[in-house]
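S.K.: I have a structure here, written as structure tokens, and I will follow up with some questions on it.
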Amino acid sequence: MTKVAAITGSAGGLGAAMAKKLAADGFTVAVIDVKDGGETVAAIETAGGKAQFFACDLTDPKAVAALGASVTATLGGADVLVNNAGRYDNHSFDELTYEHWRETMALNLDGMFLACKAFAPHMRKQGWGRIINIASNSTFLAPPGMAQYIASKSGAIGLARALASEFGPDGVTVNAVAPGPVVTDQLKLAYARDFAGGDASGFEDFMTMMAQNQSVKRYATPDDVTGLIAFLASDASSMITGQTIVCDGGWARV
Ligand SMILES: NC(=O)c1ccc[n+]([C@@H]2O[C@H](COP(=O)([O-])OP(=O)(O)OC[C@H]3O[C@@H](n4cnc5c(N)ncnc54)[C@H](O)[C@@H]3O)[C@@H](O)[C@H]2O)c1
């Protein structure tokens, strides 16, 4: 039977690329986003795949519970969950407010918890499942100005480690993937807003400069991450759980 992959934040960026890759690999994809995911669904259908859009604000516990029920009712539940939706911005600790800290945690970490609550019971009951938390190499590099982001993504890694212990006996693996900088709209916006006075024209040069810290000296695009996601979502990864795999061209070594 066709497996179902639920991917949060898949209207654009990394999530959309993951959705297209898993659809190409034969999954029916639940495209989940607070923004309209119609473009991702259309791209998948044009390529001959199957996808359905589910509107959901991952920071709203009731909405995420309803999302789980809706995916179960229409697609029979999810076999794979990619916890990808996340937000990033740059603030020194002195500038960081509690409200901002909470906004980041609400999406980047609470949203993962809520999605696991919504989708894991079906996986555990059927004895097969894959959960992939999208973290970040910033946990290992720890640059300044990212306390809320690094703390949330370190939480994503901790959650994967903890749930791997609880879900492993039921055939469900839980891993974290930690990308380095990847060209997406979010990163371009963050670059312009936080480093370039609103001007995004130097973004490509900035990415090329950052890539010099890597062993692979070119910047990454979303398609550089999708092969790893496809592997972790497959039967071939069945003995890998509780792990964090860094996907950053060899910048951070863990
Ligand atoms: N781009 C990078 O360089 C990079 C590096 C490391 C990790 N990451 C992580 O990868 C993930 C994807 O990042 P991206 O760069 O593709 O970002 P993006 O902004 O392009 O995509 C994120 C998606 O999440 C959705 N989203 C935002 N708030 C939501 C909410 N409340 N409910 C549901 N959906 C919501 C957005 O609408 C968007 O479609 C994030 O978790 C990010 O932290 C990105």
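The values are calculated or read from the model by the stated rules, or taken from the named source; none is laboratory data. Not measured: the values here are computed from a predicted model. No Cβ is skipped: glycine too gets one built from the backbone with ideal geometry, and neighbour counts run over all protein chains shown.
S.K.: Tell me, please, whether a residue that is assigned to a loop (DSSP other than H, G, I, E, B), aromatic (Phe, Trp, Tyr), near the ligand (Cβ under 9 Å from one of its atoms) and not assigned by TED's automatic domain parsing to the domain that holds Leu189 can be found in region 82-92.
M.R.: Yes.
S.K.: Hey, which of the helices (runs of 4 or more DSSP H) in region 164-239, taking only ones fully inside, have at least 1 residues that are over 18 Å from the mean Cα position of the chain (by Cα) and not assigned by TED's automatic domain parsing to the domain that holds Ser152?
M.R.: In region 164-239, 185-195, 203-211 are the helices (runs of 4 or more DSSP H) which contain 1 or more residues that are over 18 Å from the mean Cα position of the chain (by Cα) and not assigned by TED's automatic domain parsing to the domain that holds Ser152.
S.K.: Separate question: Take Phe203 and decide whether it is free of Cβ contacts under 8 Å to residues at least 40 places away in the same chain and within 16 Å of the ligand (Cβ to nearest atom). Even if it seems obvious, please write down each step before you answer.
M.R.: Values: free of Cβ contacts under 8 Å to residues at least 40 places away in the same chain: yes; within 16 Å of the ligand (Cβ to nearest atom): yes.
Taking the combined requirement at face value, the residue satisfies it.
S.K.: Would you point out the residue of region 37-58, among those that are part of a loop (DSSP other than H, G, I, E, B) and under 14 Å from Ala85 (Cβ atoms), that is farthest from the ligand (Cβ to nearest atom)? Outline the logic, then answer.
M.R.: First, the residues of region 37-58 that are part of a loop (DSSP other than H, G, I, E, B): 37, 47-49, 56-58.
Next, from what is left, pick out any that are under 14 Å from Ala85 (Cβ atoms): 37, 56-58.
Details: Gly37: 8, Cys56: 6, Asp57: 5, Leu58: 4 Å.
Per the stated criteria, the residue is Gly37.
S.K.: Give the residue, chosen from Ala65, Ala11, Ala24, Ala47, that is over 26 Å from Ala142 (Cβ atoms) and touching a strand residue (DSSP E or B) at 6+ places or on another chain (Cβ under 9 Å). Spell out how you get there, then give the answer.
M.R.: Numbers: Ala65 fails: touching a strand residue (DSSP E or B) at 6+ places or on another chain (Cβ under 9 Å); Ala24 fails: touching a strand residue (DSSP E or B) at 6+ places or on another chain (Cβ under 9 Å); Ala47 fails: touching a strand residue (DSSP E or B) at 6+ places or on another chain (Cβ under 9 Å).
Result of the check over Ala65, Ala11, Ala24, Ala47: Ala11.
S.K.: Here's another thing I want to ask about it. Would you say Ala233 is buried (at least 18 other Cβ atoms within 10 Å of the Cβ) and either out of contact with any Lys or Arg (no Cβ under 7 Å at 6 or more places or on another chain) or on the phi < 0 side of the Ramachandran plot (or both)? If you could, list the steps in order and put the result at the bottom.
M.R.: Details: buried (at least 18 other Cβ atoms within 10 Å of the Cβ): yes; either out of contact with any Lys or Arg (no Cβ under 7 Å at 6 or more places or on another chain) or on the phi < 0 side of the Ramachandran plot (or both): yes.
So Ala233 fits the description; yes.
S.K.: Output the residue which, of all residues in region 217-227 that are within 15 Å of the ligand (Cβ to nearest atom) and surrounded by fewer than 19 Cβ atoms within 10 Å (Cβ to Cβ), is nearest to Thr184 (Cα to Cα).
M.R.: The residue in question is Thr221.
S.K.: Right, next: Taking only pairs six or more apart or across chains, which ones have beta-carbon atoms under 8 Å, a first residue in region 140-156 that is assigned to a loop (DSSP other than H, G, I, E, B), and a second residue that is at pLDDT 95 or above?
M.R.: Ala142/Ile150; Pro144/Ser92; Gly145/Ser92
S.K.: Which of the residues spanning region 20-36 are within 16 Å of Asp224 (Cβ to Cβ) and within 14 Å of the ligand (Cβ to nearest atom)?
M.R.: Matches in region 20-36: Lys20, Lys21.
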